[in-house]
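Okay, structure first, notes after.
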Amino acid sequence: MKIYLVGGAVRDRLLDRPVGDRDWVVVGANAETLRAQGYKSVGKEFPVFLHPETGEEYALARTERKTGPGYHGFEFHAGTEVTLEEDLARRDLTINAMAEDGQGTLVDPYGGREDLAARRLRHVSPAFREDPVRILRVARFAARYTPIGFSVAPETLTVMRDMVSAGEADHLVPERVWQELARACAEPCPEAFVEVLRECGALARIMPEVDALFGVPQPARWHPEIDTGTHLLLALAAAARAHEAPATVFAVLVHDLGKGVTPERFLPQHRGHEARGVPLVRALCERLGAPRAWRELALAVTREHLNVHRALELKPSTVIRLLTAVDAWRRPERFGRFVAACRADARGRAGNEAVTYPQAQYLQVVREAAAAVRVDIENRSGPEIGQALERERIAVAQAVRECFTPKFRP
């Protein structure tokens, strides 16, 4: 029995990046051998075991054979005769198909180290085309490594296009799409995830609402970049630069979906796109199984982002109603993410990358000050208490407003 460190831990060490979870592959053993040594079986579909002391995952070396469409259409074989090279051959990218033995010697049968040096995301073998999830994984690795110069190899992009044309992307299960999308929202270049999926044609299959934004014009006065899809990519980049939470990045991703269905006769104007976008965002979240917290934040940003851009021009009473509408009083943390998404939208415009966006600070200050307001409840009914509280909060908003000067218009 031989044990090798494989996958991301090897890749990240060679890239001189922090190593997270470590995965191991066991060659020349079977399940009974590992159980006899105290390993605990955890894999229902794959022969995966937990080390009795470290709790790290150890998988038996295996081969796989395509038996049907989609992610689940595989038959696996894990036997003592399966070699390390055969196990590595079934992996997605060459940079993930390297291993190290117990002495730290690198095993690299498919040129992963060379591709690391060339900053290239390249598939290992023709078997890549058998699993549509690999399309998403390549896009996610692009979101992670684009900032350090990586790009998708042309031959791999061709295979991905062929897979989409063959209908493989249509078999992606929503859970796996969401898993990869959510992880991409936490990467340093989430816009690359969208770009790669669009370049291979998969974006139109899994998120057609987002794909529909590309090629749609906007008024040059507010959007020098013109194209709505380009604006989306710039806004995602702005959110990533600010290290926003993944849920905030997702809200940025979907905030303008209403512009993709603006009737052509009204272009390049998009009046009412906020309301048009709400059902589209709701449908996308339901289809992919987005968590409730992510869905609620995305809907709030979609519905109210223009009001946030105009916050310094709104009546104080309207500002208080806006804060109430997005549940800012009870959920300050989510409200912070809400205004952060709107700020990324404002900065996602050619030439506006460093705009100060005082609206965010204004609304945060109003929220904090107005949330602290207390009114006398003695001899007052419930409605009277609510009215008195609103009057005091409006007065606070007016007082805060006088300290701010508009710097950005939508």
Note to self: Pick from Leu284, Leu50, Leu197 the residue whose mean-square fluctuation is largest in a GNM of the chain, springs joining Cα atoms under 10 Å.
What the structure shows: Leu50
Check: Tilt of helix 190-200 relative to the longest C-alpha principal axis of the chain, in degrees (0 to 90, nearest 10)?
Finding: 60 degrees
Next item on the list: Report relative contact order for the range 1-133 in percent, whole number only (criteria: Cα-Cα under 8 Å, sequence separation at least 6).
Entry: 23 percent
Item checked: the chain: relative contact order as a whole-number percent, Cα under 8 Å and 6+ apart -> 10 percent
Margin query: Considering only C-alpha atoms, what is the centroid distance from the range 330-373 to the range 195-251, in Å?
Written below: 20 Å
Note to self: Rounding to the nearest 10 and keeping the result within 0 to 90°, find how far the Cα-based axis of helix 133-145 lies from the longest principal axis of the chain.
What the structure shows: 70 degrees
Next item on the list: With both partners inside the chain, how many of the DSSP beta bridges are antiparallel, as a percent to the nearest 5?
Entry: 75 percent
Item checked: Top positive-direction residue, dipole computed over the range 77-182 with Cβ charges, set Pro109, Pro154, Val124 -> Pro154
Next item on the list: Find me the longest stretch of the chain that has none of the exposed trypsin sites (Lys or Arg not before Pro), where exposed means in a DSSP loop (not H, G, I, E or B) with at most 11 other Cβ atoms within 10 Å.
Entry: 45-220
Notebook entry, point to check: Among all the aspartates and glutamates, which ones have a C-alpha under 19 Å from Lys2's C-alpha, if same-chain residues fewer than 8 places away are not counted?
Noted result: Asp23, Glu32, Glu53, Glu56, Glu57, Glu81, Glu85, Glu86, Asp87, Glu100, Asp101, Asp108
Notebook entry, point to check: Of Ala360, Ala239, Ala139, which is the most mobile in a GNM of the chain whose springs link Cα atoms less than 10 angstrom apart?
Noted result: Ala360
Notebook entry, point to check: What angle, in degrees between 0 and 90 and rounded to the nearest 10, separates the Cα long axis of helix 228-241 from the longest principal axis of the Cα atoms of the chain?
Noted result: 80 degrees
Next item on the list: With an 8 Å cut-off on Cα pairs and a minimum separation of 6 or more residues, tell me the relative contact order of the range 268-410 in percent.
Entry: 28 percent
Notebook entry, point to check: Can you sort Thr158, Thr228, Thr63 so the residue with the fewest Cβ neighbours within 10 Å comes first?
Noted result: Thr158, Thr63, Thr228
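Each reported figure results from applying straightforward, stated rules to the coordinates on display, with no laboratory input. On a predicted model such as this, the values are computed, not experimentally measured, just so you know. Cβ atoms come from the backbone with ideal geometry, glycine included; neighbour counts cover every protein chain shown.
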